[in-house]
Amino acid sequence: MPIYHHLGEIPHKRHSVFRKSDGSLYVEELMGNKGFTGPSSLLYHLYQPTRIKSLRHVTDLKWEADPSPNTQLRHFKTAGLPLTAGAVLDRIPLLFNNDLGALFAQPLAEDDFFYRNGQGDELIYVSDGEGVVETQFGDLPFRRGDYLVIPRGVVHRYHYTAQPVRFLILESAGYIRTPRRYRNEHGQLTEISPYSERDMRLPEALPARDQKGEFRLLVKKGNAITEAILDHHPFDVVGWDGYYYPWEINIEDFEPRVGRFHLPPPVSQTFEGDNFVVCSFCPRPFDFDPQAIPVPYNHSNVMSDEAIYYASSEFMSRKGIEYGSLTLHPDGFSHGPHPGKAEESLHLKETRELAVMFDTFHPLHVAKQALAVEDRDYYRSWIAD
Ligand SMILES: [Fe+2]
């Protein structure tokens, strides 16, 4: 996270005396990845974050793959997935490998616990709904189209102000970051980046809670959930500063690129992780040469699997998809526009498509739960009338 940010009260010097009005010391905590060398922040708490009254193992969260070697172009309709009780514990895995898990949640109610993912960063695409994600670093109001970036270790809880809520959740083993080629040597996003620091929304309100009692914190680590009962409210931070915190950007603030002829998906890259990229396909004018074919050419994504989540029912090159569709085009097969789409596109001036693509450089498994909402004829849709 390349922007320095601070909120609330912090002492003039790091690791120095910083007292409350009653004369006692605030409690300093460093949170950051890669030990003491990655991006980090310093937080100042009312209470020591290590104050745990009890611990217990709650459940295992093992993602199970479809064991059949069903390698083909695939299509899943998330509209058919069951609603989930909350946003965390019963997320439905759809696709995953060791680098990335794609899950879906349609929470019926707010969780009555706080959550910390201790094994992965989370990138939440808000497909529907509105609310606030409350965190140790402050509040982040969210709305439809937002990407919420929640680095591992950040304690948070969702509060909803408009439902239904539909979350596409990407859990990443590596640090989710802005693409390297968009940044200069100082970390600033350059003029070639399709979004800038001005488009990023950072935590603004930091309401420190001074409450004692019993507070449930669920921690994900080792594909298991452990419950820690804290003796104080975990959002007791009066101030923090640094480069490590949750942030968000709306997909509408991603500026799509248009060329005289078709530009490839890398111009749509929005985030980078370890062994995967995330791209945003946004409404835009079509390519402007009179001879240009706006829809993409066929391609074989050798050494990568391509998954696309359709955040609207329109997609320039595809028929038969709907809002909430998720397609998987794995290595080993070609894919391309549906019949007629190339010719059709020649007369159009713009596309209203909205989609989130994640390309992984290692194969994705299909989770067992995705099979229930699979359109099994999808691979034949290029020869259908
Ligand atoms: Fe593709």
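Readers should treat all values here as calculations from the given coordinates under stated rules, not as data from a laboratory. Since we're looking at a predicted model, the values are computed, not measured. When we count neighbours, we look across all protein chains shown, and the Cβ atoms used for this are built from the backbone with ideal geometry, even at glycine.
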Next on the checklist: Using Cα springs under 10 Å in a Gaussian network model of the chain, which residue among Asn117, Asn298, Asn250 shows the largest mean-square fluctuation?
Outcome noted: Asn298
Checklist outcome for this item: Sorted by chain and number, the residues with a modelled amide H under 5 Å from that of Glu314, at a separation of 5 or more or across chains, are Leu354
Checklist entry - Out of Ser127, Ser172, Ser196, any idea which swings most in a Gaussian network model of the chain, alpha carbons joined below 10 Å? => result Ser196
Checklist entry - Relative to the present Cα-Cα distance, how much length would full extension add between His57 and Val302 at 0.36 nm per residue of separation? => result 84.1 nm
Item to check | Kirkwood Rh (inverse of mean 1/r, distinct Cα pairs), segment 133-205, angstrom | outcome: 14.4
Checklist entry - How big is the gap, in Å, between the Cα center of segment 236-305 and the Cα center of segment 69-133? => result 21
Checklist entry - Once label points are set 7 Å from the Cα along Cα→Cβ at both Asp90 and Val267, what is their separation, rounded to one decimal in nm? => result 4.4
Next on the checklist: Taking the alpha-carbon distance from Lys341 and a cut-off under 30 Å, which lysines remain once sequence neighbours fewer than 8 residues away in the same chain are dropped?
Outcome noted: Lys77, Lys319, Lys349
Checklist outcome for this item: Taking Cα pairs closer than 8 Å and at least 6 residues apart, the relative contact order of the chain in percent is 22
Next on the checklist: 7 Å from Cα along Cα→Cβ at both Glu255 and Leu346: what's the point-to-point distance in nm?
Outcome noted: 3.3
Checklist entry - What is the spin-label model distance, in nm, from Glu322 to Ser16 if the labels are put 7 Å beyond Cα along the C-beta direction? => result 6.2
Item to check | Sequence-distant lysines (8 or more away, or on other chains) whose Cα lies within less than 21 Å of Lys62 | outcome: Lys220, Lys221, Lys368
